[in-house]
Every structure is written in C-alpha cells, then in structure tokens.
C-alpha cells in the first residue's frame, strides 16, 4: 500500500511545476491519498505567491500550511477517526477552559482550524491548529491543540515551537497529542 500510495502522489506531483499548477481539488486529493502530512518542496514558493494561490483556490481550503522559511507548503494529513476522537476530547476541555476564562470578564472562543500568520523568525508562515482557544480581538490563540498520527514526535515538537515562538509570545500553551 505504501508504494502504491507513493506512486499515486508522485504521479500527481509530476504535473505540478509551480503553485499555479496545484488546484484545490489536487490539494484535497493529495491529502486524501497521503497517509501522513506531505511537504511540497520541489519548487520554492514566495509568500506573495502563496497568498495569490489562496485567493485563487479560496481561503476556506483546510489542511494547507505555508512555511516561509523553507518556501514550501505542507498538506496536513486528513483527520481520521483517531485524530477526530482526540480533538473532540480536548475540545471538551477547551470548552471548560473557555467558560472559566470568560468568567474573568474577557471573551474567549474556539477557533477550529483557522489560518494564523506567524511572526518573528517565522514571519510569512501560515499555521493551522487542530483546535485552539483565543481571546476576542487577539491576533493569535492562547491555547493550541496539535494532533499527530503516524508522524514523528519531533514534528509535533516543531509545531509547538512555531506556535510559541511565532505568536509574539501570545500563545501560552500548546497541547500535543501523539497517536
């Protein structure tokens, strides 16, 4: 199965020579057939080029992150049953945290998998959490959930580092679930 999947991915990527060649349907299909996150780094992608692509394919496409430092995109693995189950459990905890924090007078809300532009040394990069909790009127979430399945644990640690260092100190807690 692994070789067949890799072969399908390679055939699709053989037709992609720039970000303009990657349609939303192709990105969705690559996420569907891939068994884990997929980095597309066969060509360099400038931040402006990524923004133009998002405008073209629609900014509601999920599971695509932009890494400005490496000038590439990552197609996140599609959430499976395990991912969804873990995210659902933590979302319940997020609801409780939100309710308690909102009792202090500030309004907090759950963001789901919204796009966030990172700052500092990750400036230009776009990151999506599996779930997050943020205060109204803030640019970044306070608490972030990242769920990894069949990914190296150090990839989750790198995700946490990007949130903590790329949010201008606003993200205070990153919860990692490694399945």
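The values are calculated or read from the model by the stated rules, or taken from the named source; none is laboratory data. Because the structure is a prediction, the values reported are computed rather than measured. Neighbour counts are summed over all protein chains in view; Cβ atoms, including those assigned to glycine, are modelled from backbone coordinates with ideal geometry.
Worth a mention:
- When restricted to residues that are in contact with a strand residue (DSSP E or B) (Cβ under 7 Å, 6 or more places away or on another chain), farther than 18 Å from residue 73 by Cβ and either at pLDDT 85 or above or crowded, with 16+ Cβ neighbours inside 10 Å (or both), the stretch 109-126 contains 3.
- Residue in the stretch 127-137 that is under 29 Å from residue 2 (Cβ atoms), outside any loop (DSSP other than H, G, I, E, B), at pLDDT 90 or above and in contact with a helix residue (DSSP H, G or I) (Cβ under 9 Å, 6 or more places away or on another chain) present: yes
- Of the numbered criteria (1) out of contact with any strand residue (DSSP E or B) (no Cβ under 9 Å at 6 or more places or on another chain); (2) surrounded by 14 or more Cβ atoms within 10 Å (Cβ to Cβ); (3) more than 23 Å from residue 166 (Cα to Cα), the one residue 102 fails is (1).
- Looking only at the stretch 102-126, and only at residues there that are part of a helix (DSSP H, G or I) and closer than 29 Å to residue 71 by Cβ, the one that is nearest to the chain's Cα centre (by Cα): 122
- Residue within the stretch 77-85 that is touching a helix residue (DSSP H, G or I) at 6+ places or on another chain (Cβ under 8 Å), over 22 Å from residue 150 (Cβ atoms), surrounded by 13 or more Cβ atoms within 10 Å (Cβ to Cβ) and touching a residue at least 12 places away in the same chain (Cβ under 8 Å) present: no
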